[in-house]
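Working notes, structure below.
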Amino acid sequence: MVGNVLITGGASGLGRATAAAVAKAGGRPLVVDLNEPDGGFDHVRADLADREQAERAVRELAERAGGLDGVVTAAGVDACGRLEDVAADTWERVIAVNLLGTAAVVRAALPFLRASEGASGGRVVTVASTLGVRALSDATAYCASKFGVVGFTRALAAELAGQVGVTLLIPGGMHTSFFDDRPEQYKPGPDARLNQPEDVAAAILFALGQPRGCEVRELVVAASTETSWP
């Protein structure tokens, strides 16, 4: 059993699939998102670009549930385009949500994760991207944020060794609404092979469910023909 799992971005995409997987496994999903999730999950609406909102949402949900056993940072935004063509505020929001929001949520959750009495202990799964290990033109904001998540998570794993489990997830493209608002030139082509978010969520559940002392340090989950890997 995975226990109480806080999921950012849990109202859509990978976050939503993860919340459903946690519930199906007998756990309690706790969702932080700008939007209200379906499924009747406990949630707090918050903008992860605002550190105080992020921290307050974590504390509120953790206290409501009586603690946390896991955190999954699935929230993410993008801003496609050449550096000089993307408005500075839009560019910086990608960093604020994807990287700084991840750090704020994990920081606020640590006291609860350290106190977890679940069979797996407290665990964190951060969601990076194949573009966190491979650079791509017209993706400076997203690459910067996801490369940052990779470095943050690897350092966090060293820092929390023996205290809280830390897993870095590097997913490829998925069939979600993530691409919907992009200009056509930045959307996957009609022949693109993408993973289903439910399959990636199953990998997250695997990492969360490991026994104490056993760590899944890093996972790459991508379609077999993923063009951004390796």
Paramagnetic reach from Arg59 (point 7 Å along Cα→Cβ, amide N under 12 Å) across segment 90-120: 108-109
Hull volume in cubic angstrom per residue (convex hull over the Cα atoms of segment 3-75): 68
Give me the net charge for the shell around Thr153: Cβ to Cβ below 10 angstrom, other residues only, Lys and Arg +1, Asp and Glu -1. +1
Residue-averaged [θ]222 nm for the chain, counting only DSSP H segments that reach four residues, each worth -39500 (n - 2.57): -11500 deg cm²/dmol
As a test of reading the structure, rank Lys24, Lys146 by solvent-accessible area (1.4 Å probe, protein chains only), most first. Lys24, Lys146
Quote the relative contact order of segment 53-112 in percent (integer), defining contacts as alpha-carbon pairs under 8 Å separated by 6+ residues. 55
What figure, in Å² to the nearest 10, do you get for the accessible area of Ile95 with a 1.4 Å probe and non-protein molecules left out? 30
Can you work out the FRET efficiency for the pair Ala155 and Glu184, with r the C-beta to C-beta distance and R0 = 45 Å, to the nearest 0.05? 0.75
Accessible area of Phe147, 1.4 Å probe, to the nearest 10 Å²? 90
Result for the chain: accessible area per residue, probe 1.4 angstrom, in square angstrom, of 46
Convex hull over the alpha-carbon atoms of segment 150-220: what's its volume per residue in Å³? 102
Which residue fluctuates the most in the chain, going by a Gaussian network model with Cα springs under 10 Å, if the choices are Leu208, Leu160, Leu48? Leu160
Under 15 Å, Cβ to Cβ, from Ala23 - net charge with Lys/Arg +1 and Asp/Glu -1: -1
Using the Cβ atoms and a cut-off under 15 Å, what net charge is assigned to the surroundings of Pro171, where Lys and Arg are +1 and Asp and Glu are -1? -1
Take the solvent-accessible surface of the protein heavy atoms, probe 1.4 Å, and return the percent of it on the chain that carbon and sulfur atoms account for. 50
Could you quote the convex hull projected area for the chain, Cα atoms only and averaged over all directions, in nm²? 11.5
How long is the gain from Arg107 to Asp89 if the chain were fully straight, where each residue apart is worth 0.36 nm and the alpha carbon distance is subtracted? 4.0 nm
On a 1.4 Å probe surface of the protein chains, which of Met174, Met1 comes out largest in accessible area, and what is the full order? Met1, Met174
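The values are calculated or read from the model by the stated rules, or taken from the named source; none is laboratory data. This structure is a prediction, so every number in the text was calculated from the model and none was measured. In this analysis, Cβ positions are derived from the backbone assuming ideal geometry, glycine residues included, and neighbour counts consider all displayed protein chains. Surface accessibility is based on the protein's heavy atoms, side chains included, excluding ligands, DNA and RNA. Shrake-Rupley method; radii C 1.70, N 1.55, O 1.52, S 1.80 Å.
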